[in-house]
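Down below is the structure, laid out as structure tokens.
What follows is calculated from the coordinates using simple rules that are stated; it is not laboratory data. No experiment lies behind these values; they were computed from the predicted model shown. Heads up, the Cβs are rebuilt from the backbone with ideal geometry, glycines too, and the neighbour counts pull from every protein chain shown.
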């Protein structure tokens, strides 16, 4: 008699638990599907913060453009071309939008000429770019110059195309 009582008690407790588990999820074709229940509507949410990732990406793109756009010079010259002046105007605008940034203007040359001559020419190119930025309103205290002469070519080949790439003022954020 006691054994029947335990079996009945087990059935009364276990069967409803099994029924609940079976009704919540079933398996078909190896995938589990769940039953959908409705929940009461949520309370209104607080306004979300604006998407700053787009603004951050735009700032990063502008910074990269500033760093990657060089000012190029003619052979044996430190005179800014109209195109070089346009590049420097964009750089001045970026610097004015980022007043906490200081920059090193690097002067570079192609491989022709003596190392001493190219160091001096690289310095004149860097100073030319710096003077233009100061004339457009960038504080001179934020700008430093250096020359690498022919020591850091962008293109190591010995061709007119390579030399044109290497005659440049390049910018580095301090």
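A few comments on the model shown:
- Segment 81-121: translational diffusion in µm²/s, Stokes-Einstein, Kirkwood Rh over Cα pairs, 37 °C, 0.692 mPa s: 263
- Once the Kirkwood radius over Cα pairs is known for segment 73-173, the Stokes-Einstein relation at 37 °C and 0.692 mPa s delivers a diffusion coefficient of 242 µm²/s.
- Label point of residue 81 set 7 angstrom out along Cα-Cβ; within segment 141-174, amide nitrogens under 14 Å from it belong to 160-169.
- Ordered by the number of other Cβ atoms lying within 10 Å of each residue's own Cβ, fewest first, 75, 171, 132 fall into the sequence 75, 132, 171.
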